[in-house]
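Here is the structure we will look at, set down as structure tokens.
The values are calculated or read from the model by the stated rules, or taken from the named source; none is laboratory data. Here the structure is a predicted model, which is why all the values come from computation and not from measurement. Here the Cβ is made from the backbone with ideal geometry for all residues, glycine too, and neighbour counts use every protein chain on show.
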Amino acid sequence: TEPQVNPKAYPLADATLTKTILDLVQQASNYKQLRKGANEATKTLNRGIAEFIVMAADAEPLEIILHLPLLCEDKNVPYVFVRSKQALGRACGVSRPVIATSVTIKEGSQLKPQIQSVQMAIERLL
């Protein structure tokens, strides 16, 4: 019953990391440290304010977000795929599916330690 994951969606977070990432996305949303959607995520990368990017591996077609990993590599920003856009949308606090989201940098943020640990986990995947 698992949706077929596109092999281009690399690196894909496993179940435990996905849970950690989605929890952090939810907190970032409460702290107004979240940009939802592929276009917003692209903007945060270009402005250099992205901590990391989370994308949905079941985006249809996946090509609409595949410019993000390239940008991330240029800007040295960790990125990761989670399996479900539905779950990503819920973590972002919206009722719609979200195919890409960016956790942004904020001075004096209480989320800094969690963000750093997720960044480390993502780097280990790459």
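Would you confirm whether any residue within the stretch 58-71 is hydrophobic (A, V, I, L, M, F, W, C), modelled with pLDDT under 95 and within 15 Å of GLN119 (Cα to Cα)? No, because not a single residue in the stretch 58-71 is hydrophobic (A, V, I, L, M, F, W, C), modelled with pLDDT under 95 and within 15 Å of GLN119 (Cα to Cα).
Looking at ASN46, ASN76, just one residue is out of contact with any helix residue (DSSP H, G or I) (no Cβ under 6 Å at 6 or more places or on another chain) and modelled with pLDDT of 95 or more, and that residue is ASN46.
Every residue in the stretch 67-108 that is of a type in the set (Ser, Thr, Tyr) and touching an Asp or Glu at 6+ places or on another chain (Cβ under 9 Å), please. Even if it seems obvious, please write down each step before you answer.
Taking the stretch 67-108 and keeping what is of a type in the set (Ser, Thr, Tyr), we get 79, 84, 95, 101-102, 104.
Passing the criteria: TYR79, SER84, THR101, SER102, THR104.
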